[in-house]
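Scroll down for the structure; my scribbles are underneath it.
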Amino acid sequence: MNIRIMAAKDIEAATDLQERVYSAIPPFTRHQFESLLEHFPQGQFVAELDGKIVGLAVALVITWDDYSLHHTWDSVTNNGFFDTHDMSGRTLYGAEVCVDPEIRHQGVGHGLYEARRKLCRAMNLKRIIAGGRLPGYYKVAGQMPPDEYAKRVVWGDIYDPVLRFQLGEGFNYCGILKGYLPADDDSLGNAALIVWLNPEFEAERPTQLPPAKLLQEEI
Ligand SMILES: CC(C)(COP(=O)(O)OP(=O)(O)OC[C@H]1O[C@@H](n2cnc3c(N)ncnc32)[C@H](O)[C@@H]1OP(=O)(O)O)[C@@H](O)C(=O)NCCC(=O)NCCS
């Protein structure tokens, strides 16, 4: 498996992948992918196996204070056009990660998250934040609110394939974002606010944007 920076030639395969992964959430449009690659090419990764795109991770840089009190996926990405990408911010925001259902639990997600952490370190950003789906929540929604569900995942009493994976990747659970992604039926629109702090962050050192070629060698 090879993790590399996404290119325009990957758009069709990335769309196909999102269609295979999500039943209710629509894939990004070509225009949205193009906008993403235009604003922040260094932040977009694909996982490739035998020439096939099997994973995708999408990120942008934001000023967290602009979103910390309340945000949705639409507000942080400007409806998926990603022109909210703001290099004066110090937070890498994970806006999408998905892996082909055929090859889950084989480390592809880990590889994509590791590439993101390397990007965060290389750019000297303070942290990675994301709104994580809670795809198992709909099964127990009648029995508990989403925060209890997430806490039970943290405690290890409920298994959720996304939040458990993210906790295993060193992220901390910070609370529930209600109405984060209304199309996400499985999570009933909820998401878990998660954060990973970059241990190498130096506040006095400015953000750096490594050239894509150099970054590719690192990831
Ligand atoms: C979340 C997601 C990206 C994880 O991808 P993945 O490729 O399965 O991730 P990994 O294989 O690295 O890790 C998943 C689990 O497999 C385990 N694993 C990894 N390699 C393994 C191996 N070789 N043998 C056995 N287990 C393995 C990991 O420890 C992890 O276990 P955990 O869930 O108990 O923590 C994937 O489930 C997905 O695409 N979900 C749908 C899309 C989605 O909701 N994305 C999140 C948006 S917020």
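General observations
- Some residue of segment 196-215 being within 16 Å of the ligand (Cβ to nearest atom), surrounded by 13 or more Cβ atoms within 10 Å (Cβ to Cβ) and more than 15 Å from residue 119 (Cβ to Cβ): no
- Filter pass, residue 215 being part of a loop (DSSP other than H, G, I, E, B), modelled with pLDDT under 95 and within 30 Å of residue 38 (Cβ to Cβ): no
- Residues of segment 77-125 satisfying the condition of being part of a loop (DSSP other than H, G, I, E, B), within 15 Å of the ligand (Cβ to nearest atom) and surrounded by fewer than 18 Cβ atoms within 10 Å (Cβ to Cβ): 104, 105, 106, 107
- Subset tally (residues that are assigned to a helix (DSSP H, G or I) and within 15 Å of the ligand (Cβ to nearest atom)) for segment 64-76: 3
- Checked against (1) free of Cβ contacts under 8 Å to residues at least 40 places away in the same chain; (2) away from the ligand (no atom under 15 Å from the Cβ); (3) closer than 25 Å to residue 33 by Cβ, residue 142 passes all but condition (3).
- Residue count for segment 38-58 satisfying the condition of being more than 21 Å from residue 124 (Cα to Cα) and either in contact with a strand residue (DSSP E or B) (Cβ under 9 Å, 6 or more places away or on another chain) or part of a helix (DSSP H, G or I) (or both): 9.
- Of all the residues in segment 127-165, those that are of a type outside the set (Asp, Glu) and part of a loop (DSSP other than H, G, I, E, B) number 14.
- Residue match in segment 14-27 (condition: under 24 Å from residue 213 (Cα atoms) and at pLDDT 95 or above): yes
- For segment 170-195, the set of residues classified as among the polar types (S, T, N, Q) and surrounded by fewer than 15 Cβ atoms within 10 Å (Cβ to Cβ) consists of 172 only.
- Identity of the residue in segment 21-37, hydrophobic (A, V, I, L, M, F, W, C) and assigned to a loop (DSSP other than H, G, I, E, B), that ends up surrounded by the most Cβ atoms within 10 Å (Cβ to Cβ): 28
The values are calculated or read from the model by the stated rules, or taken from the named source; none is laboratory data. Computed from a prediction, not measured in an experiment: that's the story for all the values here. Virtual Cβ from ideal backbone geometry, glycine too; neighbours counted across all protein chains shown.
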